[in-house]
1. Of all the residues that make up region F:154-179, how many are touching a residue at least 24 places away in the same chain (Cβ under 8 Å) and touching a helix residue (DSSP H, G or I) at 6+ places or on another chain (Cβ under 8 Å)?
2. Can you pull out the residues in region A:52-63 that are within 12 Å of another protein chain (Cβ to nearest Cβ) and open to solvent by less than 30 Å² (accessible area, probe 1.4 Å)?
3. Mind checking which residues of region E:208-241 are modelled with pLDDT under 95 and of a type in the set (A, V, I, L, M)?
4. Which one is nearest to the other protein chains (Cβ to nearest Cβ), of the residues in region C:161-189 that are touching a Ser or Thr at 6+ places or on another chain (Cβ under 7 Å), open to solvent by less than 10 Å² (accessible area, probe 1.4 Å) and not hydroxyl-bearing (Ser, Thr, Tyr)?
5. Any idea which residue in region B:103-117 is farthest from the other protein chains (Cβ to nearest Cβ), counting only those that are within 17 Å of B:Ser28 (Cβ to Cβ) and surrounded by fewer than 24 Cβ atoms within 10 Å (Cβ to Cβ)?
6. Just give me the residues in region C:64-87 being open to solvent by 40 Å² or more (accessible area, probe 1.4 Å) and within 18 Å of the chain's Cα centre (by Cα), in sequence order.
7. Filter region F:175-201 down to the residues that are basic (Lys, Arg) and over 19 Å from the mean Cα position of the chain (by Cα) and list them by number.
8. Could you pull out every one of the helices (runs of 4 or more DSSP H) wholly within region F:86-189 that has 1 or more residues that are at pLDDT 95 or above and over 30 Å from E:Ile84 (Cα atoms)?
6 protein chains.
Amino acid sequence: MSRIDGRTPEQLRPVTIERAWSKHAEGSVLVSFGDTKVLCTASFTEGVPRWRRGSGEGWVTGEYAMLPRATNTRGDRESVRGKIGGRTHEISRLIGRSLRAVVDTRALGENTVVLDCDVLQADGGTRTAAITGAYVALADAVAWARAKKLVKAGVKPLTGGVSAVSVGIVDGVPLLDLCYEEDVRAETDMNVVCTDDGRFVEVQGTAEGAPFDRRELNALLDLAAAGCGELALAQAAALESAG
Amino acid sequence: MSRIDGRTPEQLRPVTIERAWSKHAEGSVLVSFGDTKVLCTASFTEGVPRWRRGSGEGWVTGEYAMLPRATNTRGDRESVRGKIGGRTHEISRLIGRSLRAVVDTRALGENTVVLDCDVLQADGGTRTAAITGAYVALADAVAWARAKKLVKAGVKPLTGGVSAVSVGIVDGVPLLDLCYEEDVRAETDMNVVCTDDGRFVEVQGTAEGAPFDRRELNALLDLAAAGCGELALAQAAALESAG
Amino acid sequence: MSRIDGRTPEQLRPVTIERAWSKHAEGSVLVSFGDTKVLCTASFTEGVPRWRRGSGEGWVTGEYAMLPRATNTRGDRESVRGKIGGRTHEISRLIGRSLRAVVDTRALGENTVVLDCDVLQADGGTRTAAITGAYVALADAVAWARAKKLVKAGVKPLTGGVSAVSVGIVDGVPLLDLCYEEDVRAETDMNVVCTDDGRFVEVQGTAEGAPFDRRELNALLDLAAAGCGELALAQAAALESAG
Amino acid sequence: MSRIDGRTPEQLRPVTIERAWSKHAEGSVLVSFGDTKVLCTASFTEGVPRWRRGSGEGWVTGEYAMLPRATNTRGDRESVRGKIGGRTHEISRLIGRSLRAVVDTRALGENTVVLDCDVLQADGGTRTAAITGAYVALADAVAWARAKKLVKAGVKPLTGGVSAVSVGIVDGVPLLDLCYEEDVRAETDMNVVCTDDGRFVEVQGTAEGAPFDRRELNALLDLAAAGCGELALAQAAALESAG
Amino acid sequence: MSRIDGRTPEQLRPVTIERAWSKHAEGSVLVSFGDTKVLCTASFTEGVPRWRRGSGEGWVTGEYAMLPRATNTRGDRESVRGKIGGRTHEISRLIGRSLRAVVDTRALGENTVVLDCDVLQADGGTRTAAITGAYVALADAVAWARAKKLVKAGVKPLTGGVSAVSVGIVDGVPLLDLCYEEDVRAETDMNVVCTDDGRFVEVQGTAEGAPFDRRELNALLDLAAAGCGELALAQAAALESAG
Amino acid sequence: MSRIDGRTPEQLRPVTIERAWSKHAEGSVLVSFGDTKVLCTASFTEGVPRWRRGSGEGWVTGEYAMLPRATNTRGDRESVRGKIGGRTHEISRLIGRSLRAVVDTRALGENTVVLDCDVLQADGGTRTAAITGAYVALADAVAWARAKKLVKAGVKPLTGGVSAVSVGIVDGVPLLDLCYEEDVRAETDMNVVCTDDGRFVEVQGTAEGAPFDRRELNALLDLAAAGCGELALAQAAALESAG
């Protein structure tokens, strides 16, 4: 059985990671998972929020948003509505937590990195593309800071890599990296965030239709772990190329 | 090794489910998981939100909040700050999704049930207590509606039961139903929502400290599934007693 | 003529004052006036708001809210609407003023007490129950602070007691402590706050229907003063019992 | 003993009521109580809010605000802060209730009158000046509607007049119509709204310093009733003059 | 061809500038351009916003608002809606920029002047009347500060005068100082702010109907420059009279 | 004298107009003026806002925003702050007015086009790039609607083209199309919107430093008109290429 776009169940969409997309940000990446395109910028600033001052530790946080016409029908701007929706809040928090899982805040020193992930075009998997791109932007920002001597020599603010992928069960079949049409039809939908040594940072599985059993959960985790492994290679390749 | 409150790793805190706590709501439950106390009310109203009218299907949603002094230090009211925080949003959405997993919206007909879960006292596991209590309140509200002939005879708006529990790894040991002090120290924290036939509705695991591996994930899922099984019995017992 | 719940015109509903309801707050009271139940917590913190720093004086303030299903039909949460309604504002301000009337802010020192009054179930008279319960919670918080030596020995931050009751004219008859059904039908509605030595702190009378004359006003004030006297005794009894 | 501005205790400040101040509004009055100046406009529109449609009854409501520099030091605009303060809410509600006390909403028919009371200059007593001026603006708007045949012939939407005045105890002496300096020093402050036949619509007394006793309360009510009587004459004189 | 109110195309409406309108503000002007009436107050305070501290320079800013019934039909209050509309924002910013064009912030020293321009009655040209009146209020506030020795002797915080006027093309004819009815019908609408030596501070022209050509633009600029010249004389005359 | 980037005073930066940038929107353009990059999408929907229903006329509106790190230092998101700033409001309104100047709303029929202009990277002139790009997106959306027969055959919803450019005086020299560094140093800054037949839609000139005289204004208008002429050619070339 082939998928809507011809992939096999365990196949990622084409992934591109374009570094240094913006001239202003300390790190900036345009990441695409198929037709999903997210602009991830890492803004490095000296100093930390008030509640962390004097701790000797840095802070890393994320903000996620969609352009109003990133999707098939236009959505209202959250700035115009005057408040951020629950989904946006949830994904922003997920991005921050995921990146902090590979940051040694003490090695970062009292500096802050904000990861802005703005979805320019959406076709499923925007949060997982965002995390995967944001890691590369973060790595570039840390390298920039090291070059500027804003982080100490000899310390490693990044303890490893992190990437994320969605998996789900569609018509009873576990699939990797759902596009929008698959996502809408999925009975179960899961987002998995892994470190580059194959451990889990986040596992968020939701039964959209029927509840899922342990066997299905295991199949999804297998797919996701393999997918994150591939993404880690793509990130490493991007970071090795000239920025 | 015994836990801070003397429990074994696989032991729940004392659970109480007090039905008909409020005279106004169609279903109302004061649930406690140890010192965590949540008031869950189910408000049944005829009609559905505009976007669902004419569909023949009902709607079930949840709202979660904490009283300002439910916690050890007072938190500002979200009404005073003028906006709902990300955590509140996230938990409200989780409660709604969890309950909808056991609702046949077509059998419910064009009726709405809002599940308000207000934390009166917090000691860890407020979201899982909320889901567990809200299911009982929902069952009472559906029974009320059936008695009032607001749902058709012969249909079953509830397709099963649902409960939730937290699990986590503290000092390397997987523990069931974390109290606040354990939660703060957990390296990995997971909330699991299960149906009463043992399938999963939601699995949300987060590495607060070091990432977790597949073996640890499996141990946590085992603990959670067993804990939800016990909670399902407590819910059934409460629903069998005179309301 | 007997009232809807069998009381005489000058009779209070059954009043209960349950201290130490919450494990976290410095003072906490679940007060009930009949079916009206309000959870009052007193949060004592060292320090005062910026505008009062260095004055040597403390600060006492109140916040009032209703759970969404405290009433017969569910109300929207003010946090979700993003703003506090006029009624909530008005009652919060009334609670703060009423309690400050018996506080010697200089004796309190530069400390702050916030009185949160959350209505768990409403059946008329929520603001008067809130004030009556909040006084007991405040007294417990002050005693806690004295034990912790956060207020000076030998000073009395509380200059007396304070309680409140509603009165109104229904079908031409002045009644004490209106329940919801009476409140809806009242031509005139008055809330009176008194000290425990029988003086007035607040008198708020409103003609809901026909304006009222001086004779009616006097009858209402007589009823209210007597009612507050009884409430002062109930408060004293509660404070004398083991907390 | 003479007051700060030379008045006797039972003397009002000079009161002026200037009708037809604005060319747009159906009724508009610039009222002054000494240096307190409030612009009151009555906007008459056909139709009522959604919740009142089909009832055959009209609606009257009030909104109060201060210009930022109406006071001695500039206050932030509530529009800029993005929310209305508790004091503004409270006074707006008071104005609406006070005017509705003299409106027969059935005779008004399904029409709405909004009374906007904007304080151009404040020197104490702004809410009482607002109510006193708003009544005259309302009377003019009703006359306008009658001329336009928007209210039925032969019915009387206004059942009487209404005015308001502040009273208070300063240095132990009950005073009528406090200016700002007296207001700040008052131990007890009371706002009283009366109909033109001498009955009470609202009585709001607050102990700012020491609680007050029944004798003091009576003295204040006497002063206020006499003051409202004088204001009713001033309103009548203004309405008799050419608009 | 004569205009709706009998003026010639190059004629201003009657302009009045009433100083010292308010007893509280350091400068206050009630300005009228025909039936447009704007109350402009200048609030002088020592100190500057945080971002300007230590710069040795002062700050001047403007806020514009309309009373709800300043216009022919009542508009909702921006404070009630909880946000400021785009038009209000735009005009507030224009007022601030226009006044700053004639302020030497270094000579002003670390002091702030806020110019509040509240439209009491609107009939076209409210923003231009506001700027014209605000300049006079600002001049009075600066004189007040000089008398209080809050600005240094021998420096001139004001480098010149500033005034503003609207022009537009109605039925093909360029007109000066449009009233509301003309404004509504204008094909092109332009607001021009000039210094009292005839140079431009702001030129804002908008094609409401057909785009305009260079010849039309020139005709409008000629009219506006002449109009501002007349307004500068009126401002000077007002400032020479006893305040 | 050559400019910071080597241009002559009357030279535009390199302009690129990339059509069909997004797969979802009916029209979408990535426009760049040098390093300024704006994504403009045109969302065509059937129907109009409530206030325009039944008029037979369509509606065109614009919304402008910047990504938080479009600029050299990161700005807070307006969605997070909960309100839109004055500058954003002003530019959104300008974009809407500018595009409506070339739309025959009757020919458009009761359809709505929203032009979202999101700045991905900023280097001066973002609003003028936005208008220039939005016109091309609008033309594509209208062509799409014509192909879908959502606009009538034989009518022309677009009456012409529209483009915009900034001009300013830097060190006394009038310059076309300012980059950020020039913009910051400009004494006078002007944004000009022209139709493709050389008439003006908007002229907004502001003295940032010294006021400007008529001769300078004329020089700026000459530069802007020539610049818009070049931009009109670039738009036409883009629209002639395969979309």
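1. In the first step, residues of region F:154-179 are kept if they are touching a residue at least 24 places away in the same chain (Cβ under 8 Å); the result is F:155-169, F:173-179.
With touching a helix residue (DSSP H, G or I) at 6+ places or on another chain (Cβ under 8 Å) added as a condition, the list becomes F:155-158, F:161-169, F:174-177.
Count: 17.
2. Within region A:52-63, just A:Gly62 meets the criteria.
3. E:Ala210 - this is the single residue of region E:208-241 that is modelled with pLDDT under 95 and of a type in the set (A, V, I, L, M).
4. C:Val162
5. Residues of region B:103-117 within 17 Å of B:Ser28 (Cβ to Cβ): B:112-117.
The next check asks that each one be surrounded by fewer than 24 Cβ atoms within 10 Å (Cβ to Cβ); those that pass are B:112, B:114.
Working: B:Thr112: 10, B:Val114: 6 Å.
Looking at residues that are within 17 Å of B:Ser28 (Cβ to Cβ) and surrounded by fewer than 24 Cβ atoms within 10 Å (Cβ to Cβ), I get B:Thr112.
6. C:Met66, C:Arg87, listed by residue number.
7. Taking region F:175-201 and keeping what is basic (Lys, Arg), we get F:185, F:199.
F:Arg185 - this is the single residue of region F:175-201 that is basic (Lys, Arg) and over 19 Å from the mean Cα position of the chain (by Cα).
8. Details: elements: F:86-100, F:105-108, F:126-147, F:180-185.
Result: F:105-108, F:126-147, F:180-185.
The values are calculated or read from the model by the stated rules, or taken from the named source; none is laboratory data. No experiment lies behind these values; they were computed from the predicted model shown. Methodologically, a virtual Cβ is constructed for each residue, glycine included, from the backbone with ideal geometry; neighbour enumeration extends over all protein chains shown. These area figures cover heavy atoms from the full protein model, side chains too; ligands, DNA and RNA do not enter into them. Shrake-Rupley method; radii C 1.70, N 1.55, O 1.52, S 1.80 Å.
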